[in-house]
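A quick write-up on the structure given underneath.
The values are calculated or read from the model by the stated rules, or taken from the named source; none is laboratory data. Remember, it's a predicted structure, so these values are computed and weren't measured experimentally. Positions of Cβ are generated from backbone atoms using ideal geometry, with glycine treated the same way; all protein chains shown enter the neighbour counts. Protein only, heavy atoms only, side chains kept; ligands, DNA and RNA dropped before computing areas. Shrake-Rupley method; radii C 1.70, N 1.55, O 1.52, S 1.80 Å.
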Amino acid sequence: QVQLVESGGGLVQPGGSLRLSCAASGSISRINSMGWYRQPPGKQRELVAVIGSGGGTSYAGAVKGRFTISRDNAKNTVYLQMNSLKPEDTAVYYCNIRDASGQYWGQGTQVTVSS
């Protein structure tokens with residue numbers, strides 16, 4: 001069984017920063033991609049950023065230049081540094097990890113950007 005534990009969400013003012021973390025544990029084999037998705041209120045879940053096993057990254061257009069995804073393979077952990085946050089970044093953020101057996105989701109962490 002694989003468990004993903006997320007942390008780092010919260011309330012922040014526009015222009016502020018937050019750093020999300022997601023640590024994987026359990027019966028996980030070689031991790032391929034690690035990523036972050038978000039689900040704004042009343043909307044569908046959408047991809048935010050993904051990082052491959054070789055370190056290559058891809059971002060949604062709305063966050064490019066403001067968010068940075070990184071990973072620590074030794075700790076099976078993925079991070080999302082979010083800068084210059086905007087009210088439209090308000091959402092529940094989910095981490096996603098894919099290995100040879102399938103994909104796994106975190107429980108979600110709320111990020112609220114408001115003055």
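Spin-label model, residue 39/residue 66: points 7 Å from Cα along the beta carbon direction are separated by 2.2 nm. Solvent-accessible surface of the chain, averaged per residue with a 1.4 angstrom probe and all protein chains in place: 51 square angstrom. Surface composition of the chain: carbon and sulfur make up 46 percent of the accessible area, probe 1.4 Å.
Dipole orientation for the chain: of the candidates 55, 85, 16, 55 has the Cα lying most toward the positive pole (charges on Cβ; Lys, Arg +1; Asp, Glu -1).
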